[in-house]
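Peer 1: First the structure, which I've put down as structure tokens, then a few questions once you've had a look.
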Amino acid sequence: MSCSGSTKDAGRSSCWAGARALNELPREVAATLTGRGDLQILLASGPAHEAIFTGMAGDELLVRVVGTIDRMELALALADVAVSRAGAGHIAELTACGIPMILVPYPHATEHHQEANARELEGAGAAEVATEPGLTADVLARRIVALVDDGPRRARMAEAAKRWARPDADARLADLVAQTAGGDGR
């Protein structure tokens, strides 16, 4: 996956993806951020939950709700910050695109692997971790605003994400499998 540059000067944007429990916060977050005309939120709610969020908006805040995002790299090319679960697929996309992120690990993931994923990225300087128990819309809104408003910190996090990313992981894995099977990987 590759991501192009963004149009961040036109306004800050946040890309939001995750499971339904995490998706219950955006309406309140949007209400908290309603006066921020320089922000936009893109909420990928999942197709089954899209109707729940229809009409979600703030006074000046632009909110777009979609069931799914078919071209995630295009959405992320415009994002300044992402709020997401910490599954391997989300992390691969976010790091390949160099997106600063607030990761909210799914608390019931097998052996807490999402927590481990999130903490790895936090340690690398690419993410903040917000655990779901006790996470409120006000706390999340404040964290989003703090990160969006801190350009130098976002730049450091973006660089850390790019350093951590392995966009060629599929080819590297295929080579390893071929080598292990006795082939030359080509």
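Every number here is computed from the coordinates shown, using simple stated rules; none is lab data. Being a predicted model, the structure only gives us computed values, none of them experimental. Don't worry about glycine lacking a Cβ; one is built from the backbone with ideal geometry, like all the others, and counts go over all protein chains shown.
Peer 1: Subtract the Cα-Cα distance of Glu122 and Ala146 from 0.36 nm times their separation in residues, and report this length gain in nm to one decimal.
Peer 2: Value of the extension gain: 7.0 nm.
Peer 1: If you place +1 on the Cβ of every Lys and Arg, -1 on the Cβ of every Asp and Glu, and leave all else neutral, what size is the dipole of region 45-143 about its Cα centre, to the nearest 20 Debye?
Peer 2: Charge dipole, region 45-143, about its Cα centre: 20 debye, nearest 20.
Peer 1: Which residues in region 24-67 place their backbone N less than 15 Å from a point set 7 Å from the Cα of Leu135 along the Cα-to-Cβ direction?
Peer 2: From region 24-67, the list is 24-30, 43-45.
Peer 1: For Leu62, enumerate residues with amide H under 5 Å from its amide H, sequence gap 5+ or separate chain, H modeled in the peptide plane.
Peer 2: Residues meeting the criterion, in which the H sits 1.01 Å from N, are Leu39, Ile41.
Peer 1: Follow-up question, since we're still on this one. Take the alpha carbon atoms of region 30-87, find their center, do the same for region 124-186, and report the distance between the two centers in whole angstrom.
Peer 2: Cα centres, region 30-87 to region 124-186: 19 Å.
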